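J.: Please find one structure pasted underneath; my questions will follow.
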Amino acid sequence: MRQRLFLPLITLSAAFVSAHTLATQMPPVPDQRPGRLAQAEQSLSDQLAQAPWMDQRLSADERARAALNEMTTTEKMSLLAGDFAAPMDPSKQVRGAIGSAGFVPGVSRLGIPAQQQTDADLGVTNPGWIDPDRQATALPSVLAAAATWQPELSRQGGEMIAREARHYGFNVLLGGTAGLVRDPRAGRNYEMPGEDPLLSGLTAAARINGIESQHVMSTIKHFAMNAQETGRHKLSADIDEQALQESDLLSFRYALEHSHPGAAMCAYNRVNGDYACENDYLLNQVLKDEWGYPGFVMSDWGAVYSAAPSANAGLDQQSAAEDFDGVVYFGAPLEKAVERGEVSHERIDDMAYRILRSTFAAGIVDHPPAGEPIDTEAHAEVAQRLAENAMVLLKNDDAVLPLDGARDKRISVTGAHADRAVIAGGGSAAVVPMDGDALPDLNPPAGVNTQRLYPKSSPLGAIGLHAPESNVTFSAGDDIDEAVAQARDSDVAVVFAQQWTSETMDMQSLALEGEQNALIEAVAKANPRTVVVLETGGPVAMPWRDDVAAIMEAWYPGQRGGEAIANVLFGQHNPSGRLPVTFPKNDEQLPRAQVPGLSIGNSAFFDVDYNREGADVGYRWFERENETPLYAFGHGLSYTTFERHDLRLERSGQKVTAHFTLTNTGDRKGRTTPQLYVNAPDGSPARLAGWESIELSPGQSREVSITIDPRQFARYDSGERQWRLEGGDYRVSLADSATDIDETQRVALPAGVVAMAKLPRDSAPSTGEDEQRVAANESAMDDSP
Ligand code: BGC
């Protein structure tokens, strides 16, 4: 049994034929084949053309029902378990599999294609470099995409990834991460869309819609509460039902209301004692019954421990079964469980039905990947646009930024390999970027079995292009004295700092690794015009904050990160990113001063008490504890200035619409993100209730209207299992961040249940417009007064 998916960089022998090559060679060209075989294939395809499940006029449900009726029990069972498709030993590759995360056979007799699964949210991956020829456009991190507060950009990213997936022959992307950032030190925060359910849910929905728009199936994950890596196979995330529904589950629910992922991936961890993939409450009661999710549940790689309990709890497909779980539970053990009457025949049918339904709904039967060519330049631009819009200007004293080649004749650049590359996160989401890895000798720490990759995009080179007349110097940062001397002789000093984070490990603290804090402090002493650029997975502590002139958070900025950083530093792109997570001052401000289980890891079971913050994640925790963060959720500066004013509220039933005026009061064109926060009469901390990302020219004003989803006013009643509005006076604030409030108005709301409809079975991918406007979901919510 393999413990982890990530493979070390293996040297592939010359004799090795990549699985991708094998797969593309395998379907023989018809006219080269013996006539009888070609005829048999032709007659099969003629028969299939008449089959009702191939009739595109029918719904996915009707087609799945028709196909299921034709299937033998063995065929149904074959859909329920998959194989790992990037084995260390290439001779163990499953026939027909393209080398990547997973492969589930299809039923060729009925025209049902195999699932060729690959990761995912940042681009098409290449685990263990299994295919020497597979490079892909590496997008900025998901947290960066959330920092744009423009779901449309996430959707474009999803489309881009799916097009590249199709190029390589994949029809299932394991992407659409919707979990909340609960601990800023967690290793996979860079893969998550932030700490707020609405922002996270809509960002995830957009990514999913982009993917599914290209007829590639997407996977919402990790369901649920996979909030840290330490002990992820053992820990139980303990949280009360109400808090769970109002936080992580709400993020998933929003994502599912605005998009139609074919699969949901259950997580590694336990939730309230039961494994997420064996969790009746999560899978059956909430996802399938309460919400009516029509897709199927697939397991994370190595997250299954049983046959009957998992199947009965709602798991439909076991991923990478033999390699990762050690036992193909959804093979012989499940068949035996059926024989013994522990699992019903109806349940097996339901499992196969759900998989078939998603297969038809995603369009992978009607529009199989055809190796369409990749427009690398257009895709790099998608990555760059995302990165530019994601950069968050945290601080900018005395307008040290934007840099100006005419003023800044001597520019010192230091640290973080800025002369060669930008950094990317590690784990299953790591993308082998176009043009390969800039720093192949830099490996992860011992024992962390993944790729550490650096897209070849040099901030130094891009800075030089913006200031061709300036003297731009570089010091690596290892020698602090050298860096100080260089900074002292410069008009401005730009220090790059970075933090590598990865799946399977968490940061021990918020501190930047190595000597980076000392470097920044020393450079700041030598040059008052010091600008810090952070390339980090998420929040880090900044003990030097008051000593530097400017700070910009660039996240993991992807394929064109260097260009994007330079464009924002020089004002070619006016910064507009906003923090999708709170940046704390220090670890002591967090609900847990230490990441739980650091000394235990996966060696023993332990519990994490998430009731400490409950639904008050991130900015809500800071408000509740009356703590001032380093930088607040929603914060982000611009090179121009804006005013938000004249907030008015209008109510119709449970729906409240906020109207206000937004003006660009500065002298540059720029984009800003006015935000709405709601305070309930019960005194609970504020919640983000809406926002809009708007670009305005200098002096321009715009009237903005945002309709608030009634659940932002309501609480989840776990006794009744419904959202309930307490009657009373609610406050709605217009703000520039969670802590920077401009105006507040009150609105009286009547008591009542907030009806929540079942998720629609219609699976047409959204155009993105609905999640772009942060409004109540008309299709899934009743409009009852
Ligand atoms: C990760 C998933 C990923 C899967 C397949 C697991 O380790 O948790 O997010 O999709 O591997 O690579």
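The values are calculated or read from the model by the stated rules, or taken from the named source; none is laboratory data. These figures come from a predicted structure and were not determined experimentally. Reconstructed Cβ throughout: ideal geometry from the backbone, glycine too, with neighbour counts over all protein chains shown. Side chains are part of the model used for accessible areas, which takes the heavy atoms of the whole protein and leaves out ligands, DNA and RNA. Shrake-Rupley method; radii C 1.70, N 1.55, O 1.52, S 1.80 Å.
J.: Among the listed residues LEU569, LEU579, which satisfies the condition of being in contact with a strand residue (DSSP E or B) (Cβ under 9 Å, 6 or more places away or on another chain), open to solvent by less than 10 Å² (accessible area, probe 1.4 Å) and more than 20 Å from THR414 (Cβ to Cβ)?
T.: Selected residue: LEU579, the only one of LEU569, LEU579 that is in contact with a strand residue (DSSP E or B) (Cβ under 9 Å, 6 or more places away or on another chain), open to solvent by less than 10 Å² (accessible area, probe 1.4 Å) and more than 20 Å from THR414 (Cβ to Cβ).
J.: For the subset of the stretch 709-735 comprising residues that are part of a loop (DSSP other than H, G, I, E, B) and among the small types (Gly, Ala, Ser), which member is nearest to VAL286 (Cα to Cα)?
T.: The residue in question is SER718.
J.: Can you name the residue in the stretch 165-174 that is in contact (Cβ under 8 Å) with a residue 60 or more places away in the chain and under 23 Å from HIS222 (Cβ atoms) and is also farthest from the ligand (Cβ to nearest atom) among such residues?
T.: Residue satisfying both the conditions and the ranking: ASN171.
J.: Quick check: is even one residue across the stretch 743-750 among the basic types (Lys, Arg) and at pLDDT 95 or above?
T.: Taking every residue of the stretch 743-750 in turn, at least one turns out to be among the basic types (Lys, Arg) and at pLDDT 95 or above.
J.: What number goes with the only condition from (1) part of a helix (DSSP H, G or I); (2) more than 14 Å from the ligand (Cβ to nearest atom); (3) open to solvent by less than 10 Å² (accessible area, probe 1.4 Å) that ARG155 does not pass?
T.: Only one criterion is unmet by ARG155, namely (3).
J.: Which condition does GLU650 not pass, out of (1) among the charged types (D, E, K, R); (2) touching a strand residue (DSSP E or B) at 6+ places or on another chain (Cβ under 6 Å); (3) touching a residue at least 24 places away in the same chain (Cβ under 8 Å), if it passes all the others?
T.: Checking GLU650 against (1) among the charged types (D, E, K, R); (2) touching a strand residue (DSSP E or B) at 6+ places or on another chain (Cβ under 6 Å); (3) touching a residue at least 24 places away in the same chain (Cβ under 8 Å), the one that fails is (3).
J.: Can you tell me which residue is farthest from the ligand (Cβ to nearest atom) among those in the stretch 127-152 that are at pLDDT 95 or above and among the β-branched types (Val, Ile, Thr)?
T.: THR148
J.: Name the strands (runs of 3 or more DSSP E) wholly within the stretch 577-682 that hold at least 3 residues that are under 30 Å from SER236 (Cβ atoms)?
T.: Because the criterion is at least 3 residues that are under 30 Å from SER236 (Cβ atoms), the strands (runs of 3 or more DSSP E) in the stretch 577-682 that meet it are 607-609.
J.: Let me ask something else about it. Inspect all residues belonging to the stretch 339-360 and state whether any of them is touching a residue at least 40 places away in the same chain (Cβ under 8 Å), part of a loop (DSSP other than H, G, I, E, B) and among the hydrophobic types (A, V, I, L, M, F, W, C).
T.: No, that holds for no residue.
J.: I would also like to ask the following. For the stretch 187-303, please list each of the helices (runs of 4 or more DSSP H) lying entirely inside it that holds at least 3 residues being of a type in the set (Gly, Ala, Ser).
T.: Filter on the stretch 187-303 gives 197-212.
J.: Can you report the number of residues in the stretch 197-223 which are within 13 Å of the ligand (Cβ to nearest atom) and either surrounded by fewer than 24 Cβ atoms within 10 Å (Cβ to Cβ) or farther than 19 Å from LEU122 by Cβ (or both)?
T.: 1
J.: Looking at the structure I just gave you, is ALA738 closer than 24 Å to ASP240 by Cα, open to solvent by less than 30 Å² (accessible area, probe 1.4 Å), within 28 Å of the chain's Cα centre (by Cα) and modelled with pLDDT of 90 or more?
T.: no
J.: Moving to a separate point now. If you take the residues in the stretch 314-338 that are surrounded by fewer than 24 Cβ atoms within 10 Å (Cβ to Cβ) and in a loop (DSSP other than H, G, I, E, B), which one is nearest to the ligand (Cβ to nearest atom)?
T.: Per the criteria, the residue is GLY326.
J.: Kindly establish whether ALA97 is within 20 Å of PHE330 (Cβ to Cβ), of a type in the set (A, V, I, L, M, F, W, C) and open to solvent by 10 Å² or more (accessible area, probe 1.4 Å).
T.: no
J.: Looking only at the stretch 61-74, which residues are in contact (Cβ under 8 Å) with a residue 40 or more places away in the chain and either out of contact with any Phe, Trp or Tyr (no Cβ under 7 Å at 6 or more places or on another chain) or over 13 Å from ARG109 (Cβ atoms) (or both)?
T.: ASP61, ARG63, ALA64, ARG65, LEU68, GLU70, MET71, THR73
J.: Filter the stretch 87-117 for residues that are within 15 Å of the ligand (Cβ to nearest atom), within 16 Å of ALA165 (Cα to Cα) and either touching a helix residue (DSSP H, G or I) at 6+ places or on another chain (Cβ under 6 Å) or part of a loop (DSSP other than H, G, I, E, B) (or both) and give the result.
T.: Of everything in the stretch 87-117, those that are within 15 Å of the ligand (Cβ to nearest atom), within 16 Å of ALA165 (Cα to Cα) and either touching a helix residue (DSSP H, G or I) at 6+ places or on another chain (Cβ under 6 Å) or part of a loop (DSSP other than H, G, I, E, B) (or both) turn out to be ALA97, ILE98, GLY99.
J.: Taking the stretch 525-541, which residues are among the aliphatic types (A, V, I, L, M) and open to solvent by less than 10 Å² (accessible area, probe 1.4 Å)?
T.: VAL531, VAL532, VAL533, LEU534, VAL540, listed by residue number.
J.: Has the stretch 600-621 got at least one residue that is over 30 Å from ASN272 (Cβ atoms) and of a type in the set (A, V, I, L, M)?
T.: No, that holds for no residue.
J.: Are any residues in the stretch 76-95 in contact (Cβ under 8 Å) with a residue 40 or more places away in the chain and under 21 Å from PHE360 (Cβ atoms), and if so, which ones?
T.: Correct list: LYS76, MET77, LEU79, LEU80, ALA81, GLY82.
Condition check ((1) modelled with pLDDT under 95; (2) in contact with a strand residue (DSSP E or B) (Cβ under 9 Å, 6 or more places away or on another chain); (3) hydrophobic (A, V, I, L, M, F, W, C)) across all residues:
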| position | (1), (2), (3) |
| --- | --- |
| LEU199 | no, yes, yes |
| THR230 | no, yes, no |
| LYS234 | no, yes, no |
| SER247 | no, no, no |
| ALA255 | no, yes, yes |
| ARG270 | no, yes, no |
| TYR293 | no, yes, no |
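J.: Would you check which residues across the stretch 233-249 are open to solvent by 10 Å² or more (accessible area, probe 1.4 Å) and in contact with a Phe, Trp or Tyr (Cβ under 8 Å, 6 or more places away or on another chain) and list them?
T.: Hits for the stretch 233-249 are HIS233, LYS234, ASP238, GLU241, GLN242, ALA243, GLU246.
J.: Still on this structure: Quick one: is GLU553 within 28 Å of VAL142 (Cβ to Cβ) and not basic (Lys, Arg)?
T.: yes
J.: Name the residue, out of GLY194, GLY231, GLY187, that is on the phi > 0 side of the Ramachandran plot and within 15 Å of the ligand (Cβ to nearest atom).
T.: GLY231 is the lone residue from the list that is on the phi > 0 side of the Ramachandran plot and within 15 Å of the ligand (Cβ to nearest atom).
J.: Given the structure, is LEU403 closer than 29 Å to GLU229 by Cα, in contact (Cβ under 8 Å) with a residue 60 or more places away in the chain and open to solvent by less than 20 Å² (accessible area, probe 1.4 Å)?
T.: no
J.: Return the residue satisfying two criteria in turn: it lies in the stretch 484-532 and is among the β-branched types (Val, Ile, Thr) and in a loop (DSSP other than H, G, I, E, B), and of such residues it is farthest from ALA424 (Cα to Cα).
T.: THR504
J.: Only one residue in HIS417, HIS379 is open to solvent by 20 Å² or more (accessible area, probe 1.4 Å), away from the ligand (no atom under 16 Å from the Cβ) and not aromatic (Phe, Trp, Tyr), so which one is that?
T.: When all the criteria are applied, what remains is HIS417.
J.: Also, I was wondering about something else. Could you go through the stretch 444-458 and let me know if any residue there is closer than 14 Å to ILE565 by Cβ and without any contact (Cβ under 8 Å) to a residue 24 or more places away in the chain.
T.: Within the stretch 444-458, none of the residues are closer than 14 Å to ILE565 by Cβ and without any contact (Cβ under 8 Å) to a residue 24 or more places away in the chain.
J.: Going through the stretch 284-313 one residue at a time, which ones are more than 13 Å from the ligand (Cβ to nearest atom), buried (at least 24 other Cβ atoms within 10 Å of the Cβ) and without any contact (Cβ under 8 Å) to a residue 40 or more places away in the chain?
T.: ALA307, SER310
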